Amino acid sequence: MRNSTKLTIPLLTLALFATGTAAAQTAAPVARGIGVGAEATLTGIIGATFVYDAEVFHVDALLGGSFEHNDSSLSVAGRLFFPVHRSQWADFSVGPGIGLTHVTHDPDQDGPQGRESRNPIHLEGAAQIRAFVVQNVALSASAGLGMVLNNDNQNEVTIGGQLGGSFGVTYFFF
């Protein structure tokens, strides 16, 4: 009996250190690199999205515009997200964002003489969930705190995450 105890303890120790770590899921490789799509910020900038995902962070750049006869708007925004948690087909990230909009309006429709313009600055702190429906297509939703600073002292603050206003889709190229 003594000999079996002397042999059992080293064998169990060897088996413990020789086996790998158990995992409930093995993470499938999701897209990393460059992606394009459409997205909205919390403060209302909507446009085409260019995404660079470096795995430890991802950068979203938005470009949007609206052009009518007497009104025009051109917007650009950037968001920097840091992943807090990753799973097999999704990630949860937090980060800041900034955007600039140039808005022109011609109330009397007489051309450049009576044209009014303003340049609001958009700031946000957001949490974003990206769900990869397939390996290289991500649906995203954001929530957080957004702020619009206008040069005419009509500042706005937005708290929330209306999914209709902060939803996006991105296609990643390999």
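Would a scan of segment 17-27 turn up a residue that is of a type in the set (A, V, I, L, M), at pLDDT 75 or above and out of contact with any Phe, Trp or Tyr (no Cβ under 8 Å at 6 or more places or on another chain)? Checked against the condition, which is being of a type in the set (A, V, I, L, M), at pLDDT 75 or above and out of contact with any Phe, Trp or Tyr (no Cβ under 8 Å at 6 or more places or on another chain), segment 17-27 yields no hits at all. Across segment 64-106, the number of residues qualifying as over 17 Å from L145 (Cβ atoms), among the basic types (K, R) and surrounded by 15 or more Cβ atoms within 10 Å (Cβ to Cβ) comes to 0.
Among the conditions (1) modelled with pLDDT under 85; (2) assigned to a loop (DSSP other than H, G, I, E, B); (3) out of contact with any Phe, Trp or Tyr (no Cβ under 6 Å at 6 or more places or on another chain); (4) of a type in the set (A, V, I, L, M), the only one that L11 does not satisfy is (2). Is one or more of the residues making up segment 140-150 assigned to a loop (DSSP other than H, G, I, E, B) and modelled with pLDDT under 85? Yes, segment 140-150 contains at least one residue that is assigned to a loop (DSSP other than H, G, I, E, B) and modelled with pLDDT under 85. Within segment 111-120, none of the residues are part of a strand (DSSP E or B) and within 23 Å of Y171 (Cβ to Cβ).
Only one entry in V148, V103 is over 18 Å from F172 (Cβ atoms), β-branched (V, I, T) and without any contact (Cβ under 8 Å) to a residue 60 or more places away in the chain, namely V103. Taking segment 82-117 as the range and being touching a Ser or Thr at 6+ places or on another chain (Cβ under 7 Å), at pLDDT below 90 and among the hydroxyl-bearing types (S, T, Y) as the test, the residues that pass are T104, S117. Taken over segment 31-75, residues that are polar (S, T, N, Q) and either assigned to a strand (DSSP E or B) or on the phi > 0 side of the Ramachandran plot (or both) amount to 5.
The values are calculated or read from the model by the stated rules, or taken from the named source; none is laboratory data. Only a predicted model underlies this, so the values are computations on that prediction, with no experimental measurement involved. So basically every Cβ, Gly included, is an ideal-geometry build from the backbone, and we count neighbours across all protein chains shown.
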